[in-house]
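The values are calculated or read from the model by the stated rules, or taken from the named source; none is laboratory data. The structure presented is a predicted model; accordingly, all values stated were derived computationally and were not measured. Positions of Cβ are generated from backbone atoms using ideal geometry, with glycine treated the same way; all protein chains shown enter the neighbour counts.
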Amino acid sequence: MNEAILRRFAALSQKGRLAHAYLFVGPSGVGKTQTALAVAKLLICEASGKGWFCDQCASCHKINRGNHPDCHLVGCPPGETIKIEQIREMIAQLQLKPFEAPQKISIVQDAENLTPDAANSLLKTLEEPTKQSLLILTTGCPEKILETIRSRCHRVYFGGLTPGRLADQLTKDYAIEATQAHVLAFFAEGYDGLAKRLAEDQFLVFKNEVIDQIIFGRNKDQYLKGILSDQQKTKEALRVLFTWFRDLLLLKTGVDSSGLVHADRLSSLQKQEARYSFQTIDDILEEIVKTRRLLEENLNIKISFGLLKEKLWRG
């Protein structure tokens, strides 16, 4: 959830200056849908007169569970499209008077997935908005949405948080331990949703396995075969390796440990600091970049990864 954007909505709401439609623009994992749902809570919370939502009342709980009669989320599974039937149902709901809340709110998630018919149906609603309704569209690809739709929505742009702010937010909102939150915030590149997914997918376990097996291990060919058989895991492993040797380089130059990615493995980094020369670290980082480039071009990386492994273990 982007609190800065949410506070803007709180101020607009208190002044009675909310528009009828918004387009939330930003990359996947940045918290667009989460913020849209928070806007819904802000507007229909039973304690909304206080300028913020309580997240404790019946209305907030219903939104959290996805069963509030005046708040609807429309979307589709990955690789599929949002059909005209879904938009027609949403429009029918918007045209009804609110059941419990002061207004109706509909959220269209990843609006670039609208079929042409669904987009045209939505356009009619934007041209003739109903009273007591708010429509929020989210997208990571605004160029794939009809210009006529984009032009009728107020755009709100989402950017990533700084790693420090995101780490604080992860600790506060999800009770993630501070050192782990620091690591997740870096690998999530400031995106709250991505950080949460990494935590749920046990990324820190994977990250530490890569370090223990590939950097500190010997004769771990079976583990490497498992990694190399999965392109996504290979990509993630290369990033772990790159950040590890980036940390070693910074440690050797005297950078404070708070600037390191792998803050959870500080003692391991310190043990390796004297093992690798500056030149060796540069060579390793260059080999990692080369291997990643080959991977992105769908070329065979076995030879390149073999060279990288030798450099890692030779030190």
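The sole residue among Gln86, Gln93 that is at negative phi, part of a helix (DSSP H, G or I) and in contact with a Pro (Cβ under 9 Å, 6 or more places away or on another chain) is Gln93.
Within region 50-83, the residues that satisfy the criterion of being over 26 Å from Lys15 (Cα atoms) and in a loop (DSSP other than H, G, I, E, B) are Gly66, Asn67, Gly75, Cys76, Pro77, Pro78, Gly79, Glu80, Thr81, Lys83. Scan region 112-127 and tell me whether some residue there is assigned to a loop (DSSP other than H, G, I, E, B), surrounded by fewer than 22 Cβ atoms within 10 Å (Cβ to Cβ) and of a type in the set (A, V, I, L, M). The answer is no; no qualifying residue exists. Checked against (1) in contact with a Gly (Cβ under 6 Å, 6 or more places away or on another chain); (2) at positive phi, Asn298 passes all but a single condition, namely (1). Only a single criterion out of (1) within 26 Å of Gln270 (Cα to Cα); (2) among the charged types (D, E, K, R); (3) within 16 Å of the chain's Cα centre (by Cα) is not satisfied by Glu209, namely (3). Taking region 120-145 as the range and being in contact (Cβ under 8 Å) with a residue 40 or more places away in the chain and over 14 Å from Asp110 (Cβ atoms) as the test, the residues that pass are Leu126, Pro129, Ser133, Leu134, Leu135. The residue that is surrounded by the fewest Cβ atoms within 10 Å (Cβ to Cβ), among those in region 158-190 that are assigned to a loop (DSSP other than H, G, I, E, B) and in contact with a helix residue (DSSP H, G or I) (Cβ under 8 Å, 6 or more places away or on another chain), is Glu177. Against the definition (without any contact (Cβ under 8 Å) to a residue 60 or more places away in the chain, more than 30 Å from Asn300 (Cα to Cα) and β-branched (Val, Ile, Thr)), how does Thr253 come out, yes or no? So Thr253 fits the description; yes. Among residues of region 68-86 that are over 8 Å from Ile107 (Cβ atoms) and outside the structural domain of Lys104 (by TED's automatic domain parsing), none has a beta-carbon under 6 Å from a residue that is at pLDDT 95 or above and among the hydroxyl-bearing types (Ser, Thr, Tyr) at least six positions away or on a different chain.
As a summary of the residue check, Val255 satisfies the conditions (1) part of a helix (DSSP H, G or I); (2) among the β-branched types (Val, Ile, Thr); (3) surrounded by fewer than 16 Cβ atoms within 10 Å (Cβ to Cβ) except for the one numbered (1).
Considering only residues in region 214-239 that are closer than 23 Å to Ser268 by Cα and of a type in the set (Gly, Ala, Ser), the one that is modelled with the lowest pLDDT turns out to be Gly217. Considering region 286-315, the residues that are of a type in the set (A, V, I, L, M) and crowded, with 18+ Cβ neighbours inside 10 Å include one that is modelled with the lowest pLDDT, namely Leu312. The set of residues from region 128-150 being buried (at least 18 other Cβ atoms within 10 Å of the Cβ) and outside any loop (DSSP other than H, G, I, E, B) comprises Ser133, Leu134, Leu135, Ile136, Leu137, Thr138, Thr139, Pro142, Ile149.
If you check Ser277, Ser268, Ser304, Ser258 for being under 24 Å from the mean Cα position of the chain (by Cα) and not assigned by TED's automatic domain parsing to the domain that holds Val183, only one passes: Ser258.
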